[in-house]
Amino acid sequence: MPFRVTFVCTGNICRSPMAEWILRHHVEQEGLDVEVDSSGTGGWHVGDGADERTVAALERAGYRSAHIARQFDAAWFDEYDLIIAMDAGHEKALRSMAPNWQARGSIRRLREFDPDAGGDLDVPDPYYGGRDDFDLVLWQVEAAMPGLLKEIRSVLDDG
């Protein structure tokens, strides 16, 4: 079975789809047996594509993107090895949905994988911002990728 990762933000149109497509790129490049997707804590944008500014930031950086927003469902905890929250609010919402300690143990914040993040583990919401805000999110996601990939490889190697 592949290792399964999902990213979770608020509406699943900015941060989490960006992280999804960046990780997809890296696992495909490395040939890792990993499935990646994303969702939101809320249902406001279910069925919508990613924010056009997310798509533009990804394209400027050389990533592809195709996305339909969806809302995280508590029944999915058993389906994922790693559930990655984009900020403390998402982490709290996910922990409140988790049915047990094992499910809570699969929840991490993305910037935990960035050794230079320091104590600021939140990826800021760029929704009300402009191009620079989306580029900052992209930079923060990319900065976490080496650590996240190391974690995934260690689990796959142990499996």
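Tabulated results
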quantity	calculated
Filtered residues of the stretch 100-141 (kept if open to solvent by 60 Å² or more (accessible area, probe 1.4 Å) and in contact with a helix residue (DSSP H, G or I) (Cβ under 6 Å, 6 or more places away or on another chain))	ARG104
Residues within the stretch 82-92 that are surrounded by fewer than 18 Cβ atoms within 10 Å (Cβ to Cβ) and either among the aliphatic types (A, V, I, L, M) or farther than 23 Å from PHE134 by Cα (or both), tallied	2
Filter result for the condition that a residue is within 17 Å of VAL141 (Cβ to Cβ) and of a type in the set (Lys, Arg), over ARG104, ARG108	ARG108
Residue list for the stretch 32-47, filter: outside any loop (DSSP other than H, G, I, E, B) and small (Gly, Ala, Ser)	SER38, SER39, GLY40
Single residue of ALA50, ALA56, ALA69 found to be part of a helix (DSSP H, G or I), out of contact with any Phe, Trp or Tyr (no Cβ under 6 Å at 6 or more places or on another chain) and open to solvent by less than 50 Å² (accessible area, probe 1.4 Å)	ALA56
Selection within the stretch 43-71 - of a type in the set (S, T, N, Q) and touching a helix residue (DSSP H, G or I) at 6+ places or on another chain (Cβ under 7 Å)	THR54, SER65
Subset of the stretch 72-87 [more than 13 Å from the chain's Cα centre (by Cα) and outside any loop (DSSP other than H, G, I, E, B)]	ALA74, ALA75, TRP76, PHE77, ASP78, GLU79
Residues located in the stretch 21-31, provided they are in a helix (DSSP H, G or I) and either open to solvent by 10 Å² or more (accessible area, probe 1.4 Å) or over 16 Å from ALA143 (Cβ atoms) (or both)	TRP21, ARG24, HIS25, HIS26, VAL27, GLU28, GLN29, GLU30
Matching residues, the stretch 142-153, being farther than 24 Å from THR41 by Cβ and open to solvent by 50 Å² or more (accessible area, probe 1.4 Å)	PRO146, LYS150, ARG153
Condition met for THR10 (among the polar types (S, T, N, Q), under 15 Å from the mean Cα position of the chain (by Cα) and buried (at least 21 other Cβ atoms within 10 Å of the Cβ))	no
Among residues of the stretch 32-47, those that are touching a residue at least 24 places away in the same chain (Cβ under 8 Å) and either hydrophobic (A, V, I, L, M, F, W, C) or open to solvent by 20 Å² or more (accessible area, probe 1.4 Å) (or both), counted	11
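Every residue, every condition in (1) over 22 Å from LYS92 (Cβ atoms); (2) among the hydrophobic types (A, V, I, L, M, F, W, C); (3) at pLDDT below 95, yes or no:
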| residue | (1), (2), (3) |
| --- | --- |
| THR10 | no, no, no |
| ARG15 | no, no, no |
| GLU35 | yes, no, no |
| ASP51 | yes, no, no |
| ALA61 | yes, yes, no |
| ALA74 | no, yes, no |
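The values are calculated or read from the model by the stated rules, or taken from the named source; none is laboratory data. Everything numeric in this text was worked out from a predicted model, so none of it was measured. No Cβ is skipped: glycine too gets one built from the backbone with ideal geometry, and neighbour counts run over all protein chains shown. Heads up: the accessible areas ignore ligands, DNA and RNA and are worked out on the full protein's heavy atoms, side chains in. Shrake-Rupley method; radii C 1.70, N 1.55, O 1.52, S 1.80 Å.
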